[in-house]
Amino acid sequence: MSLRPRRSVLYMPGSNSRALEKAKGLPADTLVLDLEDAVAPDQKMAARAQVVEAVKAGGYGYREMVIRVNGLETQWAKDDILAVATAPVAAVCVPKVETPDQVLRVVELLNQGGAPESVTVWAMIETPKGVVNVQAIAAAHPRLSLLMMGTSDLAKEMRLPHTPDRIGFISALSQCVLAARLNGLDALDGVHLDLKDQDSLRLVCEQGRNLGFDGKTLIHPNQIEVTNEVFGPKADEIERAGRIIDAFTQAESEGKGVVVVDGKLVENLHVEEAKRTLAIAEAIEVMQA
C-alpha cells in the first residue's frame with residue numbers, strides 16, 4: 001500500500017519570493033504556491049513566472065508541490081494552467097469548481113500544454129453550487145485526485161458565522177468527504193483563520209479528522225505542528241495496528257475469520273484499516289528521512 005501523506009497543506013503567496021524561499025525549510029507535507037487570492041491583479045503574470053521558476057529550480061525536498069491557479073472565469077486562468085503543465089509539480093489546484101465541465105476544461109488545457117499524467121487536478125469546493133454538484137465533480141475525470149474545501153468563501157456565500165463547532169459547515173464538509181471516498185479521491189479540510197489560538201486549531205483539526213478528511217489546508221507556518229500531529233497516526237495507533245495485523249494473521253493460520261484484540265472484535269475490514277495506518281506512518285517516516 002502506497003500513500004501520500006497530506007496532513008498539512010500550506011498556502012504560500014506566489015508573489016512573495018521570500019516566502020517561497022522560506023517554504024523550503026518548513027515541515028509541511030504539501031505546499032500550494034498561490035496565484036489566486038494571495039496575488040494582486042497587477043502582479044499575476046509576474047507571480048506566475050516566479051512560481052514556475054521556483055519549482056523548476058527545486059530545493060523543496062520531500063514536500064509535494066502544487067500550484068493554485070486563478071479561477072477559470074478570469075483572464076489569467078488559461079495561461080496559468082498551461083504554465084503549470086510544463087512545471088515539475090504534483091497537481092494544479094483550481095478554485096471555485098462548480099461543475100464537472102470545469103474539471104474537463106482544466107484537463108483539456110493540461111493535455112494541450114503537454115502535462116504528464118502524473119500532474120493531477122485538485123478541485124476546490126467553496127460555493128453552494130460546488131457543494132450541490134460535488135458528486136458529479138468528483139466523478140468528472142480520472143485525472144482529478146483530490147477535493148479541497150474552501151470554507152472561507154463558502155462561509156461568505158452561505159452567510160455562515162465561523163463558530164468554534166463549525167455547525168453550519170458540517171453538511172457541506174461531509175458531502176465532500178463522501179464524494180471523495182465514493183470516487184477514490186483524497187479530501188482536505190478548509191483553513192483555520194485564528195492564527196494565535198492553538199487550542200482552537202487543535203479542536204477543528206480533530207473535528208476534521210473525525211469527519212474523514214486526510215489533512216488540512218493552512219495559511220500560516222505556525223499551524224503546521226499541530227496539524228501534523230492530529231492528522232498523523234499516533235504511537236499507540238501504530239502499535240495497535242501492528243497487533244491487529246499479527247493477531248488476525250495468526251487467526252487465519254488457525255482457520256478463524258475473526259479475532260479479539262483489546263476486548264474488541266477484529267474482522268478483515270479492521271485489518272485493512274490497520275494496514276493503512278502503518279502505510280501512512282511508514283510514508284511519513286520515509287518522506288522526512
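The values are calculated or read from the model by the stated rules, or taken from the named source; none is laboratory data. If you're wondering where the values come from, they're calculated on a predicted model, not measured in any experiment. Don't worry about glycine lacking a Cβ; one is built from the backbone with ideal geometry, like all the others, and counts go over all protein chains shown.
Below is a table of values for the structure above.
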item: Residue list for the stretch 5-25, filter: buried (at least 16 other Cβ atoms within 10 Å of the Cβ) and touching a helix residue (DSSP H, G or I) at 6+ places or on another chain (Cβ under 7 Å); result: 5, 7, 8, 10, 12, 13, 14, 15, 20
item: Scope the stretch 175-197; condition in a helix (DSSP H, G or I) and surrounded by 13 or more Cβ atoms within 10 Å (Cβ to Cβ); matching residues; result: 175, 176, 177, 178, 179, 180, 181
item: Positions within the stretch 125-155 being hydrophobic (A, V, I, L, M, F, W, C) and either without any contact (Cβ under 8 Å) to a residue 40 or more places away in the chain or in contact with a Ser or Thr (Cβ under 6 Å, 6 or more places away or on another chain) (or both), in sequence order; result: 132, 136, 154, 155
item: Single condition residue 213 does not satisfy, out of (1) surrounded by 12 or more Cβ atoms within 10 Å (Cβ to Cβ); (2) not assigned by TED's automatic domain parsing to the domain that holds residue 180; result: (2)
item: Residue 83 vs. criteria modelled with pLDDT of 95 or more, over 30 Å from residue 171 (Cα atoms) and in the same structural domain as residue 17 (by TED's automatic domain parsing); result: yes
item: Checking residue 256 against (1) outside the structural domain of residue 23 (by TED's automatic domain parsing); (2) of a type in the set (D, E, K, R); (3) part of a helix (DSSP H, G or I), the condition it does not meet; result: (3)
item: Matching residues in the stretch 219-236 - criterion: being within 14 Å of the chain's Cα centre (by Cα), outside any helix (DSSP H, G or I) and within 19 Å of residue 282 (Cβ to Cβ); result: 232
item: For residue 216: the one exception among (1) part of a helix (DSSP H, G or I); (2) among the charged types (D, E, K, R); (3) within 20 Å of residue 65 (Cβ to Cβ); result: (1)
item: The lone exception for residue 289 - which of (1) closer than 27 Å to residue 195 by Cα; (2) assigned to a loop (DSSP other than H, G, I, E, B); (3) of a type outside the set (Lys, Arg) it fails; result: (1)
item: Looking only at the stretch 221-235, and only at residues there that are of a type outside the set (Gly, Ala, Ser) and loosely packed, with under 15 Cβ neighbours inside 10 Å, the one that is modelled with the lowest pLDDT; result: 234
item: Of all residues making up the stretch 6-31, the number that are assigned to a loop (DSSP other than H, G, I, E, B) and in contact (Cβ under 8 Å) with a residue 60 or more places away in the chain; result: 6
item: Residue list for the stretch 57-109, restricted to those being under 30 Å from residue 284 (Cβ atoms), part of a helix (DSSP H, G or I) and over 20 Å from the mean Cα position of the chain (by Cα); result: 57
item: Selection status of residue 165, surrounded by fewer than 22 Cβ atoms within 10 Å (Cβ to Cβ), of a type in the set (D, E, K, R) and either part of a loop (DSSP other than H, G, I, E, B) or modelled with pLDDT under 95 (or both); result: yes
item: Those residues of the stretch 26-49 which are surrounded by fewer than 20 Cβ atoms within 10 Å (Cβ to Cβ) and in contact with a strand residue (DSSP E or B) (Cβ under 7 Å, 6 or more places away or on another chain), in sequence order; result: 26, 38
item: In the stretch 259-286, the residues that are outside any strand (DSSP E or B), loosely packed, with under 13 Cβ neighbours inside 10 Å and either in contact with a Phe, Trp or Tyr (Cβ under 7 Å, 6 or more places away or on another chain) or hydrophobic (A, V, I, L, M, F, W, C) (or both); result: 269, 286
